[in-house]
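Just below is one structure, and these are the notes that go with it.
Each value in this text was obtained by applying a stated rule to the coordinates, not by laboratory testing. Everything quoted here is computed from the prediction, not taken from an experiment. Neighbour counts run over all protein chains shown; Cβ positions are idealised from the backbone, glycine included.
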């Protein structure tokens, strides 16, 4: 029997920053005469969602200013059509001739292959949902398109972690958040943090933040967040914090890199096994070497990954890894006894 999900089932938010920037890029490429801030707020789904969720006009303006900076930092040449006009009347545009492939740029065969693969993925969903809705709204506002073909944009960045989008939004807005976090040993506790940045390490999303309860920088794996991420309130408004400076961010990243550098795993791998090809030993150039050494971030996550190859590997170091792999199998056997 299938249980129906309740109305308050936790679902990830619809839009994240990456998709918002995509929508903004599409809209500005579409409108040859340019668009004012008000027109963008009425046509971009992500801005409409923010307004509907109660985002203040001041916060919305701050969001737009950051988006402009982000677009410019990625190399997109965002221009103002009438820079001397009143702020609310300034129109923004991305000139089509600036959004083209560099004339003398060349790609290797491998790079072309990767681009072709990406294009196949994009073509299945490009502009089908929110970005396309933005263009429809622009047409309804009487905006004439500068081009009829905008195919080739990736529609969104997906993540399996439901906490990714609310954390990403909190980082953008500098809002304190709380969530329940399960440690590797199963202990669950509530965390109150100032979110700084998100990183993808070996396929796992990691939050770097300042833990207000422990007064220090701490890292949290998104896969171990076991509750809805909540914005901390100061009365009825969100509680903001001052963004960390570049030195603080660099120090946190350096600490993480140093931690990973000090975590070393060495395995002996059965030749021509699944693990042999997983660790690319077939192309290592050392046909007589059946050992592999690498760094890792989290011992428990590594143990989970290596359980799939347990019959093909022998853990040389660290010894705790072999014990974790064994205890994982014992737990599975116990749960299904």
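Numerical summary
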quantity: Sorted peptide list for 162-173, 308-319, criterion being average Cβ within 10 angstrom, highest first; calculated: 162-173, 308-319
quantity: Per-pair calculated FRET efficiency, R0 = 25 Å: residue 65 and residue 239 via Cβ, rounded to 0.05; calculated: 0.75
quantity: Ordering of 43-53, 252-262, 85-95, 19-29 by burial proxy (mean other Cβ atoms within 10 Å per residue, highest first); calculated: 19-29, 43-53, 85-95, 252-262
quantity: Along principal axes, Cα extents of region 164-252, largest first, whole Å; calculated: 34, 30, 25
quantity: Amide N of region 222-241 lying under 19 Å from the label point, which is placed 7 angstrom from the Cα of residue 183 along Cα→Cβ; calculated: 222-227
quantity: Interatomic Cα distance distribution for region 238-308, bins of 10 angstrom, percent; calculated: 16, 33, 24, 15, 9, 3
